[in-house]
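The values are calculated or read from the model by the stated rules, or taken from the named source; none is laboratory data. Please read these numbers as outputs of a predicted model, since none were measured by experiment. Please note: Cβ atoms are built from the backbone with ideal geometry, for glycine as well, and neighbour counts cover all protein chains shown. Heavy atoms of the whole protein, side chains included, go into the accessibility calculation; ligands, DNA and RNA do not. Shrake-Rupley method; radii C 1.70, N 1.55, O 1.52, S 1.80 Å.
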Amino acid sequence: MQLTEAILQALQTVWSHKLRSFFTLLGIIVSVAFLIAVVAVIQGMNAYVRERLAGAIVGVNAFQIRRDPIQVGFIDDEAPEDVPYVERAIPDAQAIALQSGWPTPTADVAWRNRTIGDAFVFGVTAPYQIVQDYRLAAGDPLTDLDVRERRLVAVLGFDVAEKLFDDAARAVDQRVRVRGWTFTIKGVIAKKGTVLGQSWDGFVMLPLTTFEALYGRRQTTVISVKMPAAEQVAEAMLRAEEAMRIAHRLRPGQDNDFTVDTAEGLISFWQSLTHVIFTVVPAVVVIGIVVGGIVIMNIMLMSVTERTREIGIRKSLGATRRAIRRQFLAESVTLSLVGGVLGLAAGMALAGLVAAATPLPARVTGWSVGVALGLGLTVGVLFGVYPATRAARLDPIAALRAE
């Protein structure tokens with residue numbers, strides 16, 4: 001029997017026993033669907049962190065310098081000023097900025113009889129707007145003069161401006177109240193969108209000195225450095241580290257009391273978390289695949305028993321052991337491949353449903369599709385060999401006598 005004929009006969013057998021075939025393949029379908037859906041969500045999250053989240057937090061061609069370990073508290077007046085050291089070490093930087101640190105406070109923002117609750121409030125120096133590649137939808141950005149003179153001015157995120165004034169352009173030169181203080185709106189940042197369902201446009205940005213007058217000067221203040229090109233970042237980070245060690249008077253061999261991070265650092269941290277998930281998923285999938293394979297083997301053994309007389313007739317007409325073995329092995333492989341394809345379709349549908357119904361992104365990758373189909377093929381071969389060999393070894397005379 002030719003291989004093509006064996007596969008066509010196997011498909012006919014599967015189709016003629018649709019319900020039995022479905023329940024036979026259920027373990028493989030569920031396992032493959034689970035694998036595809038989980039991998040799609042994890043890969044989608046990895047791509048999301050790499051393409052949007054990391055750059056949005058740290059900035060493009062940028063890195064951050066922060067205290068390590070993070071200490072939530074306030075800086076006394078004798079704390080060293082790190083920024084001048086960093087500025088002298090990296091004169092070719094496009095921008096060097098300060099940002100108020102973690103945790104970012106929230107507050108109600110009021111204008112007339114309208115109030116927006118839980119808007120993020122943070123303070124920055126003027127270059128921060130360059131580091132983050134902010135574009136203005138209306139008005140003007142914060143300036144160094146605003147920071148030096150501790151002016152009561154603010155730049156709003158697009159969502160805050162739109163909800164308070166209906167039109168972002170109307171917000172400029174209006175006055176809003178935050179924690180009982182009145183601020184004049186200088187500008188509105190263009191819409192940046194959402195990340196995992198969390199808006200990036202619900203904020204009030206103040207001059208750093210004004211923020212510190214309102215909330216206190218924090219130990220978690222972050223220095224952000226933006227370089228003109230990506231290839232300059234690594235060398236600038238080394239210069240920044242040396243400058244920070246000098247500023248903090250650290251002796252040779254003494255550990256840094258700060259960290260220098262890029263977007264790649266955030267990506268690596270996220271991938272280390274997803275790696276834990278990737279170590280658990282295969283174990284769950286393997287259990288389902290093995291169970292599915294055992295079911296397929298039992299069904300194929302039952303099929304051999306049911307078709308003993310057919311095997312005897314074929315052998316009496318000249319069919320070789322190899323042909324019989326090929327037929328039953330083709331049926332087993334076809335059955336498991338059908339399960340793999342159905343599981344792949346179910347997994348892709350589930351991943352699409354997750355992406356549509358939740359903020360979690362999903363991205364089905366080529367290698368996961370290959371793994372799914374490879375699992376189906378492997379299970380068919382491994383668990384189909386024994387039934388196929390048993391069918392091939394049947395004695396033709398004894399098989400013809402079978403009822």
Got the relative contact order for segment 272-385 handy, in percent, Cα pairs under 8 Å and 6 or more residues apart?
39 percent
Relative contact order %, the chain, counting alpha carbon pairs below 8 Å whose residues are six or more apart:
30 percent
Points 7 angstrom from Cα along the Cβ direction at Val290 and Arg179: gap in nanometres?
5.8 nm
Let me check something: with ligands and nucleic acids excluded, how do Thr320, Thr24 order by accessible area (1.4 Å probe), largest to smallest?
Thr320, Thr24
Long-range amide H partners of Val153 with built H, under 5 Å:
Thr184
Which order do the peptides 246-253, 325-332 take when ranked by the mean count of other beta-carbon atoms within 10 Å per residue, highest first?
325-332, 246-253
Whole-Hz ³J(HN,Hα) for each residue in segment 312-329, computed from phi via Karplus 6.51 cos²θ - 1.76 cosθ + 1.60 with θ = phi - 60°, x for glycine and proline: what do you get?
x, 4, 5, 5, 5, 8, x, 5, 8, 4, 4, 5, 5, 4, 4, 4, 6, 5
Need the full-extension length gain, Ala229 to Leu400, defined as separation in residues times 0.36 nm minus the C-alpha distance. One decimal, nm.
53.6 nm
Taking amide hydrogens as modeled 1.01 Å from N in the peptide plane, which residues meet the under 5 Å criterion relative to Leu136, leaving out close sequence neighbours?
Ala190
Return the carbon/sulfur percentage of the accessible area of the chain, one whole number, probe 1.4 Å, all protein chains in place.
60 percent
Probe radius 1.4 Å, ligands and nucleic acids left out: which of Leu206, Leu8 has the largest accessible area, and how do the rest follow?
Leu8, Leu206
Would segment 308-361 count as rounded, prolate or oblate if I go by the C-alpha gyration tensor, calling it rounded below 1.5 in a/c and otherwise prolate when a/b exceeds b/c, oblate otherwise?
prolate
Take Trp15 and Asp167, extend 7 Å from each Cα along the Cα→Cβ direction, and tell me the distance between the two endpoints in nm.
6.4 nm
State the extension gain, in nm to one decimal, for the chain segment bounded by Ser316 and Arg114, taking 0.36 nm per residue of separation less the distance between their alpha-carbons.
63.6 nm
How large is log10 I(q)/I(0) at q = 0.12, 0.22 Å⁻¹ when the Debye formula is applied to the Cα atoms of segment 168-221, each weighted equally and without solvent?
-0.37, -1.01
Where does each of Tyr128, Tyr85, Tyr134 land when they are ordered by accessible area, with a 1.4 Å probe and the largest first?
Tyr85, Tyr134, Tyr128
Peptide ranges 226-234, 114-122, 338-346 listed from the most packed, as the mean C-beta count within 10 angstrom indicates:
338-346, 114-122, 226-234
Please compute the per residue accessible area over the chain with all protein chains in place, 1.4 Å probe, rounded to a whole number of Å².
51 Å²
Karplus-derived 3J(HN,Hα), 6.51/-1.76/1.60, for each residue of segment 372-385, Hz, glycine and proline x
4, 5, x, 4, x, 5, 5, 4, x, 6, 4, 8, x, 5
Going down the list Lys192/Lys226; Lys163/Lys226; Lys18/Lys315, which pairs span over 22 Å between their C-alpha atoms?
Lys163/Lys226; Lys18/Lys315
Taking the chain and counting helices only, DSSP H stretches of n ≥ 4 at -39,500 (n - 2.57) each over all residues, the nearest-500 ellipticity at 222 nm comes to -18000 deg cm²/dmol
With the contact rule set at Cα under 8 Å and sequence spacing of 6 or more, what percent relative contact order holds for segment 318-383?
50 percent
